[in-house]
Structures are given as structure tokens and as C-alpha cells.
Amino acid sequence: MDDHPVIREGLTQIINRETDLLVCAEAGTIGEAVKAVKKQEIDLALVDMLLKNTTGIQVIKKIKTLCPGIISIVFSMSDKSQYIKQAIETGARGYITKDQISENIIDAIRQVLEGKIYLSKRLAKKIPVIRQPDSIVDKN
């Protein structure tokens, strides 16, 4: 979920290039995200942290009430440790910055679908308490 159509379209193109991954819905608002979760069987949600009328945290909380098994990855322009901690504490299984998303999003998706937590090495240094034995920290 991102409130900018060009970001959603770009992520869709990157993800749909993979033969085993498919974007089944896009959302620009929390209402659209709720409709998508109710309508589609969604395994994973990519959610922007900072949206026009809400936050990624609020989106994750809302869609998890409707679909408790949904996995989420937060992406953001910000690499502030408070946002990363908040996302992980809310149940996100990954956090990726927008400057790294095009190179690392497929690895992040695969890792969280395998039950691991995804953070780039740079982000993991900001919040080492998130490191767990089953976590994957990207080399970038």
C-alpha cells in the first residue's frame, strides 16, 4: 500500500517479473486496503510507513484484525529507529527503505514468507535487539 500510484505500479512490475510471485491487489488508502483483504486471499502486504491520512502502523493493525495470518513488510523514506521498532512491534516482518527497495524487495519478500525477519544490515545496526537466530539480515 502506497498513496502514490507510480510507486505501486513500479513495485507491481518488479514483483510480477518473478514467476512465483503475483501482486493480486493494490491500495492507495486504508479503505482500499481493507477491501482488498476482504476480497482477495493475500499472503503479504507491502505498506508504506508514512501515508497522507494514516500511518503504515494503523494499516497493519486494521488488516491484521481482518486477516490475522497476513504478513507485512513496511517500506519508508525514513530509516529512523523509532519507525523500525514500531513496525516490528506491530507485527511487520520486515522493514526496507525506499532507496533500497528496487534492489532488495524480492529478497525481503522471500525471506519474510519463509518466516524470517528482514532488515538491511544498515537498519539492523540501528536496532540490534531485533536480531534473532531465525532472522535474515541483508548484506546491503
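The values are calculated or read from the model by the stated rules, or taken from the named source; none is laboratory data. In this text, all values refer to a predicted model and were calculated from it rather than measured experimentally. Using ideal geometry, Cβ is built from the backbone for each residue, glycine included, and neighbour counts are taken over all protein chains shown.
When we screen Gly56, Gly28 for residues that are at pLDDT below 90 and buried (at least 20 other Cβ atoms within 10 Å of the Cβ), the only hit is Gly56. The condition of being at pLDDT below 90, touching a Leu at 6+ places or on another chain (Cβ under 9 Å) and surrounded by fewer than 18 Cβ atoms within 10 Å (Cβ to Cβ) holds for only one of Asp99, Asp79, that being Asp79. Here Ile14, Ile42 are screened, and the one residue that is closer than 23 Å to Asp79 by Cβ, in contact (Cβ under 8 Å) with a residue 24 or more places away in the chain and among the β-branched types (Val, Ile, Thr) is Ile14.
Of all residues in the stretch 102-128, those satisfying the criterion of being among the basic types (Lys, Arg) and modelled with pLDDT of 90 or more are Arg110, Lys116.
When the helices (runs of 4 or more DSSP H) confined to the stretch 17-125 are screened for residues that are small (Gly, Ala, Ser), over 13 Å from the mean Cα position of the chain (by Cα) and under 15 Å from Asp3 (Cα atoms), those reaching at least 1 such residues are found at 30-39.
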